[in-house]
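Student: Take a look at the following structure, please.
What follows draws every value from the coordinates through simple rules; no lab data is involved. Only a predicted model underlies this, so the values are computations on that prediction, with no experimental measurement involved. Glycine also receives a Cβ, built like all others from the backbone with ideal geometry; neighbour counts cover every protein chain displayed.
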Amino acid sequence: MKVKRNTLLLLACLVWSAAGFNILRIGLISYLPYRSVRNFLLSALVFAVFQKFIFGRLVKKHTARIRSYVEERHFFLKFFDGKSFAVMAVMMTGGIGLRSSGLAPEQFIAVFYTGLGASLLMAGLLFGRNLGREVLTASG
């Protein structure tokens with residue numbers, strides 16, 4: 001199934017936003033008994049590190065790649081490259097394994113998942129912002 005370039009940005013927006021919302025929800029549900037300034041700062045640190053070094057760069061890289069496509073229609077999974085799908089699969093497997101194994105304390109899940117989920121959600125929203133810019137540029 002082939003879609004337009006802007007649809008690839010929309011798909012990236014939806015996939016990353018859904019993943020981020022879900023991870024953030026898990027973190028926030030676990031957070032209630034661990035609310036403290038220290039934990040909030042740690043969650044903010046996790047968010048900042050993932051946003052600056054991973055997801056912020058990923059959004060820029062994939063948006064530029066999608067914008068560079070010459071043909072108008074592309075396979076719908078081309079919103080990512082193979083490496084990014086592998087990273088997502090490893091992260092999902094690791095996260096599910098970590099939670100189901102019980103190796104990570106609930107406080108870690110609360111703090112880390114809140115920061116990670118917020119960063120993933122931000123990546124999705126940034127893809128959406130980039131889509132909006134593309135639409136405005138094309139119409140203006």
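Student: Calculate how steeply helix 5-31 sits against the longest principal axis of the alpha-carbon atoms of the chain, using the helix alpha-carbon long axis, and give the answer as 0 to 90 degrees to the nearest 10.
Tutor: Orientation of helix 5-31: about 10 degrees from the principal axis.
Student: Working out 0.36 nm times the residue gap between Met1 and Leu32, then minus their Cα-Cα distance, what length gain in nm do you get to one decimal?
Tutor: Numbers: separation 31, 0.36 × 31 = 11.16 nm, distance 4.36 nm.
That pair, Met1 and Leu32, stretches by 6.8 nm at full extension.
Student: Same structure, new question: Multiplying the sequence separation of Leu98 and Lys60 by 0.36 nm and subtracting their Cα-Cα distance, what value in nm do you get?
Tutor: Working: separation 38, 0.36 × 38 = 13.68 nm, distance 2.92 nm.
That pair, Leu98 and Lys60, stretches by 10.8 nm at full extension.
Student: Moving on. When the label point is put 7 Å from the Cα of Glu106 along its Cα-to-beta-carbon vector, which residues of the range 1-30 have a backbone N closer than 19 Å?
Tutor: Within reach of a label on Glu106: 23-30.
Student: Compute the helix-to-body angle for 82-101: its Cα long axis versus the longest principal axis of the chain, expressed 0 to 90° and rounded to tens.
Tutor: 20 degrees
Student: Here's something else I'd like to know. Is there a quick way to get the dipole size of the range 1-57? I mean about its Cα centre, with the Cβ of Lys and Arg at +1 and of Asp and Glu at -1; what is the value in debye to the nearest 20? Write out the running numbers ahead of the final one.
Tutor: On the way: 8 positive and 0 negative charges, 43 e Å.
The dipole of the range 1-57 has a size of about 200 debye.
Student: On a 0 to 90 degree scale, rounded to 10, what angle separates helix 37-50 from the longest Cα axis of the chain?
Tutor: Between helix and principal axis, roughly 30 degrees.
Student: Shifting gears a bit: Largest first and in whole Å, what are the equivalent-ellipsoid semi-axes of the range 2-139 based on the Cα gyration tensor, each being the root of 5 times an eigenvalue?
Tutor: Values: eigenvalues 197, 49, 25 Å².
Here the semi-axes work out to 31, 16, 11 Å.
Student: Per residue of the range 65-73, what does 6.51 cos²θ - 1.76 cosθ + 1.60 with θ = phi - 60° give for ³J(HN,Hα)? Whole Hz please, x for Gly and Pro, Karplus curve as stated.
Tutor: With the stated coefficients, the range 65-73 comes to 5, 5, 5, 7, 4, 7, 5, 7, 10 Hz.
Student: May I ask you to sort Ser139, Ser119 by Cβ crowding, counting other Cβ atoms within 10 Å and putting the fewest first?
Tutor: Arranged by neighbour count, lowest to highest, Ser139, Ser119 become Ser139, Ser119.
Student: Another question, if that's okay. Expressed as a rounded percentage, what relative contact order does the chain have, with Cα pairs under 8 Å and six or more residues apart?
Tutor: Working: 164 pairs, mean separation 81.6, N = 140.
Across the chain, relative contact order equals 58 percent.
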